[in-house]
Structure formats: C-alpha cells, structure tokens
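Everything on this sheet refers to the single structure shown next.
A short reminder: the numbers here are calculations on the coordinates, not readings from a lab. Please read all numbers here as calculations on a predicted model, not as lab measurements. For neighbour counting, all protein chains shown are included, and Cβ atoms are generated from backbone atoms with ideal geometry for every residue, glycine included.
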Amino acid sequence: MTQDEMKRAVAKAAVEYVSDDCIVGVGTGSTANFFIDELALIKHRIDGAVASSEASAQRLKSHGIRVLDLNVVDELPVYVDGADEINRQLHMIKGGGAALTREKIVAAVAKQFICIADQSKLVDVLGRFPLPIEVIPMARSHVAREIVKLGGHPALREGVVTDNGNVIIDVHGLQIAQPVEFERTLNQIVGVVTNGLFAERRADVLLLGKPDGVQTIT
Ligand code: 5RP
C-alpha cells in the first residue's frame, strides 16, 4: 500500500465509528480529507458535521454534507482527525495544517476522538515534528523568548494566518518526555492561544494504516 492508500484505508475504517443520525466532528488535513470523502458515501445516514477548519467545512459542503456551528450542537459522539505525530499513549502533536485551536475545541466537546494516521506518524517520543503553537500576533516575540527558556527553537511559520487571525510558531528541537505536563506549561505563557500537544485530551482510538491493513490501538 502507498501512503495515500493507507490514509484511505484508515478513513474507511473510521466510518465504522459513526452512528446513524448523529453529528460528526471532522478534522483537518490530507487524512481527514479522505475521511470526508468516505463520509460523503454515508451522508444520508448522518445529520451533519462540525468542521475544525474553513477548509474542511468547504470540502464537506462540496459533498452536500450539512455543516453546523459547534455552538448549536448539544452532543458530538465522535471526532475523527489525523495527527502529525502520535505515541503509544495516544498523545499527539497536531497543527501541521494550522487548525490546532479549532481541532482542540471540537475534540474537547467530542465523546470519542478517533485518530486516523498512516504508520509514519507513530513515534516513541513526541517532538521530531516541530510543535505548532498558535499565538496572538502582538505576543509573537514574547512567546518565542519564553520557548527558548524552555529549551525549544521557535520559528515563525511565514505567510500563515490561522482561521482565527493569529500566527503559528513552530518549535523545533524538542523531545517531549512528559506531554501532559509540557502542554500545561506552554498554556501558561501569556499570548499562547493553543499549543499543538493533544495530551490532556488524547485520542481514544488510533486507527493506524500499515502496508498489511489497519491496526486498532486503544
Ligand atoms: C491540521 C492537523 C492535521 O491533523 C495534521 O497536520 C495531519 O495532517 P495530514 O493528515 O495531512 O498528515 O493537525 O492542523
């Protein structure tokens, strides 16, 4: 299987977690796009979707899937999204597509987080993928200085403005041994909107695409 075939396989497997007549939380990125395309095949069975980005909302709408504002949704049984890195405790780094804040919000509401990823995303220790942090623009330099104190190497993601009008700082050179604690530490820095560690709210299920099929890790 190619990487795209593995992404398609996990997206198909994720559809099994979608129950009839529910609102589905939908993530962002190339793997999530495969899921949106699979969701289109069963769109008559669901009530609609909540999207974690404008890009995913557009793709859902292009398939004729109703997109709802999260504020009008009482219950979100399942959220399906990809990851940039995931460890065996199902802690993740997310935000490669700059959608981390809305992803974290939708994930917080959802009962179950299903992570879909090809095998290249599974790591022993998080941090080889630069950790994205969404920052209020006027706090950019302050946040960068605080990150250096924590041992990271911050780099502004050039030319990127998030759906919320903020900037992204990517933090290189980390080896995140304690993801829950580090997520909390980063949240203490004034000016940080969201950091891309999804550890306090980790995934509940990982559907991992491998050359010989989909492995389910819980
Ligand atoms: C977007 C994300 C994505 O889930 C992450 O970047 C993975 O994307 P892809 O499926 O394209 O590898 O967090 O902000």
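Its DSSP H runs of at least 4 residues, each contributing -39,500 (n - 2.57), put the calculated 222 nm mean residue ellipticity of the chain at -8500 deg cm²/dmol, to the nearest 500.
The three principal axes of the C-alpha atoms in the range 131-196 carry coordinate ranges of 31, 18, 18 Å, sorted with the longest axis first.
Here's the list of lysines a cross-link from Lys43 could span, going by alpha-carbon distance under 16 Å and ignoring same-chain residues fewer than 8 apart: Lys12, Lys61. Take the chain, drop everything but the C-alpha atoms, weight them equally and run the Debye formula without solvent; then report log10 I(q)/I(0) at 0.09 Å⁻¹ to two decimals. For the chain, the Cα-only Debye profile gives -0.33. Cβ crowding within 10 Å ranks Lys111, Lys210 as Lys111, Lys210, fewest other Cβ atoms first.
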